[in-house]
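The values are calculated or read from the model by the stated rules, or taken from the named source; none is laboratory data. This one's a predicted model, so the numbers in the text were calculated from it and none came from an experiment. Cβ atoms come from the backbone with ideal geometry, glycine included; neighbour counts cover every protein chain shown.
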Ligand SMILES: [Zn+2]
């Protein structure tokens, strides 16, 4: 085993839909007679971003549509969750936060509650198999479905929170999807609901929008972590703010080049974030779509960082995890304007 493989890792940004192993999707498609092509090899091309397809967010998002054919059913959802967690465990991930948009799993009639509890059932089954793993779920609202749906999801997420049920449950709230045309500032109420209900807050921001999207996410929504945050490097004042308030950036190296959030050939923003003393975590985003895993992401970063640096990043990321520790919520790390909540 290499040093990277041996190192225990923390994964704070991984989507369920983009991380279902090809084998598992293929098996479930065959079982239900839902396979659009005849071989697993052909299916793999539809699920994994191919050479020449990099650089555009829409081409990247297109890879998410086939998994949805099978993840509309309770048992299938539970099954894919267990397989994703097992794969992370093999990468020596010992703290894993999965994230998932319940509403895009309700097309076959599952209620919102069932779309969440099917995931939690998989997480809790996996916890029995891997007792040395800490696990939790972040509920995602999709930006293009608008602020009202986001509020409904925030309420539903609270009802399944780890905080209430004292077992692996929902730990956080997130907003994802196209940033352009769906500004963060419109989602303030859903974030206020989630926070009042004891959920921690992260958000996809600065992936296909400028630094303003990140300002709104921290100032108006009160997010304490930012997914991607790539455009923050354009704004020195923002970099200072992120460092001062200890707002962690969930960095997804491979995915950022594939979606065009970072131009191919340009240095990755994680290096700028580290120079400015901003907390970061190393994340996969989507292990299947991006054809990556925790070992690969860390291996790539060894070009600029030492093994000790990487281990330090993971150790630090653990402090920013939303998973409750020994039954107690972890501390929030950032003070936000307009928030009088005491972070204990
Ligand atoms: Zn993401």
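Results, tabulated for the structure shown:
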{"quantity": "Which listed residue is surrounded by fewer than 24 Cβ atoms within 10 Å (Cβ to Cβ) and either in contact with a strand residue (DSSP E or B) (Cβ under 6 Å, 6 or more places away or on another chain) or closer than 21 Å to residue 322 by Cα (or both), from 225, 246", "calculated": "246"}
{"quantity": "Residue in segment 87-100 that is crowded, with 17+ Cβ neighbours inside 10 Å, out of contact with any strand residue (DSSP E or B) (no Cβ under 7 Å at 6 or more places or on another chain) and more than 19 Å from residue 168 (Cβ to Cβ) present", "calculated": "no"}
{"quantity": "Residues that are part of a helix (DSSP H, G or I) and out of contact with any strand residue (DSSP E or B) (no Cβ under 9 Å at 6 or more places or on another chain), drawn from segment 123-151", "calculated": "125, 128, 129, 144, 145, 146, 148"}
{"quantity": "Among (1) touching a residue at least 24 places away in the same chain (Cβ under 8 Å); (2) assigned to a loop (DSSP other than H, G, I, E, B); (3) more than 19 Å from residue 138 (Cα to Cα), the one test that residue 267 misses", "calculated": "(1)"}
{"quantity": "Boolean, residue 183 is surrounded by fewer than 17 Cβ atoms within 10 Å (Cβ to Cβ) and either closer than 22 Å to residue 83 by Cα or within 16 Å of the ligand (Cβ to nearest atom) (or both)", "calculated": "no"}
{"quantity": "Subset of segment 200-242 [part of a loop (DSSP other than H, G, I, E, B) and more than 15 Å from the ligand (Cβ to nearest atom)]", "calculated": "210, 220, 221, 222, 224, 235"}
{"quantity": "Number of positions in segment 285-311 that are under 19 Å from the mean Cα position of the chain (by Cα), more than 15 Å from the ligand (Cβ to nearest atom) and either within 18 Å of residue 225 (Cα to Cα) or assigned to a loop (DSSP other than H, G, I, E, B) (or both)", "calculated": "2"}
{"quantity": "Top-ranked residue of segment 243-256 - restricted to ones that are in a helix (DSSP H, G or I) and within 14 Å of the ligand (Cβ to nearest atom), ranked as farthest from residue 193 (Cα to Cα)", "calculated": "254"}
{"quantity": "Test result for residue 55, in a loop (DSSP other than H, G, I, E, B), within 26 Å of residue 117 (Cβ to Cβ) and in contact (Cβ under 8 Å) with a residue 60 or more places away in the chain", "calculated": "no"}
{"quantity": "Breaking point among (1) in contact with a helix residue (DSSP H, G or I) (Cβ under 8 Å, 6 or more places away or on another chain); (2) part of a helix (DSSP H, G or I); (3) within 23 Å of residue 54 (Cα to Cα), for residue 262", "calculated": "(2)"}
{"quantity": "Qualifying residue in segment 265-284 (condition: at pLDDT below 95 and away from the ligand (no atom under 16 Å from the Cβ))", "calculated": "yes"}
{"quantity": "Given (1) in contact with a strand residue (DSSP E or B) (Cβ under 8 Å, 6 or more places away or on another chain); (2) touching a residue at least 60 places away in the same chain (Cβ under 8 Å); (3) away from the ligand (no atom under 16 Å from the Cβ), index of the condition residue 84 fails", "calculated": "(3)"}
{"quantity": "Of residues in segment 1-52 being farther than 23 Å from residue 298 by Cα and in a loop (DSSP other than H, G, I, E, B), the one nearest to the ligand (Cβ to nearest atom)", "calculated": "52"}
{"quantity": "One residue from 63, 9 being modelled with pLDDT under 95 and within 18 Å of the chain's Cα centre (by Cα)", "calculated": "63"}
